[in-house]
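Asker: Handing you a structure now.
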Amino acid sequence: MTVTTALLRINAVSKRFGGLQAVNNVSLEIGPGSIYGLIGPNGAGKTTLFNLITGLYPADRGEFLLDGVAYEPSSVHRVTEAGIARTFQNIRLFPDLSAIENVMVGRHVRTHGLHSGIIGAVLRTPAFKRIEQDIRDHAQQLLEYVGLGSRSVQIARTLSYGDQRRLEIARALATEPKLLALDEPAAGMNATEKNTLRGLLERIQSDGKTILLIEHDVRLVMGLCGQVTVLDHGEVIACGSPTEVQRNPAVIEAYLGTGATHG
């Protein structure tokens, strides 16, 4: 029997803000190459958990393991270096930079060495120029990958909403993540844009990437994700396949049966 090591394992993670227990003793495992959904009603704690995983907040207690190795998500920069890249519910592009420049910013995280730093930039050494060209070429490839190749020189703020969302994903992919964490990537999209996004996420998965997805659109989550965890009041109330989760009485009571939207 082959035992598959989880790409991301979270053990008994908790977070309190004053008198509010936002996340309470949450554990989950995300398998490599999967699309994993995290849903729940408003105030369920899923955004807090997402921010704990990606280094925006420190956990009060609990353990994080990435690729079988313990890591401490103490800052966004350290989390990115460890191999987790994220997008945000509210778009956080560099609005006055071009699409390709936005992706190049992400790529610089994986660029090291004397000639790639300040000295190389000031002296404009041949090695620095080669590195910059490699970064630009890779950024262009990622823009092609997400369907924005023809818009590489367009200023980010002038792109359509759906294109800006895909640009964020390209920038995140530029950091070469083991885990791509997406915070409501379909928020504000129309039906056509959602279909395009779904195709992109399926392609990313088929190319071997692992995706953690928070999303309002339940139909999108249930159609994309192999495994779904449901939070309510900071605790896990269900975890399983989309079919299992939708049939779970606790989920029906807390969320699916109420007609409420989740966030």
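Asker: Among L179, L220, L213, which is touching a residue at least 24 places away in the same chain (Cβ under 8 Å), crowded, with 19+ Cβ neighbours inside 10 Å and within 20 Å of V103 (Cα to Cα)? Explain how you work it out, then say what you get.
Answerer: Details: L220 fails: within 20 Å of V103 (Cα to Cα); L213 fails: within 20 Å of V103 (Cα to Cα).
It is L179.
Asker: Same structure again: Could you tell me whether R78 is of a type in the set (D, E, K, R) and closer than 24 Å to H216 by Cβ?
Answerer: Considered against the rule, which asks whether it is of a type in the set (D, E, K, R) and closer than 24 Å to H216 by Cβ, R78 comes out as no.
Asker: From the residues in the stretch 192-209 that are closer than 27 Å to G43 by Cβ and open to solvent by less than 50 Å² (accessible area, probe 1.4 Å), which one is modelled with the highest pLDDT?
Answerer: L201
Asker: Are there strands (runs of 3 or more DSSP E) fully within the stretch 33-89 with at least 3 residues that are at negative phi, among the basic types (K, R) and touching a Phe, Trp or Tyr at 6+ places or on another chain (Cβ under 7 Å)? List them.
Answerer: In the stretch 33-89, there are no strands (runs of 3 or more DSSP E) which contain 3 or more residues that are at negative phi, among the basic types (K, R) and touching a Phe, Trp or Tyr at 6+ places or on another chain (Cβ under 7 Å).
Asker: Among the candidates F17, F50, which residue alone is under 18 Å from the mean Cα position of the chain (by Cα) and among the aromatic types (F, W, Y)?
Answerer: F50
Asker: Starting from the stretch 133-150, take each residue that is in a loop (DSSP other than H, G, I, E, B) and list its partners that are open to solvent by 40 Å² or more (accessible area, probe 1.4 Å), counting only C-beta distances under 8 angstrom and pairs at least six apart or across chains.
Answerer: Every condition considered, the pairs that remain are G147/T196.
Asker: Another question about this same structure. Could you list, in sequence order, all residues of the stretch 56-99 that are farther than 20 Å from K209 by Cα and among the hydroxyl-bearing types (S, T, Y)?
Answerer: Passing the criteria: Y57, S74, S75, S98.
The values are calculated or read from the model by the stated rules, or taken from the named source; none is laboratory data. Predicted, not measured: the structure shown is a model, and the values here were computed from it. Glycine gets a Cβ as well: all are built from the backbone with ideal geometry, and neighbour counts include every protein chain shown. SASA here: full protein model, heavy atoms, side chains in, ligands and nucleic acids out. Shrake-Rupley method; radii C 1.70, N 1.55, O 1.52, S 1.80 Å.
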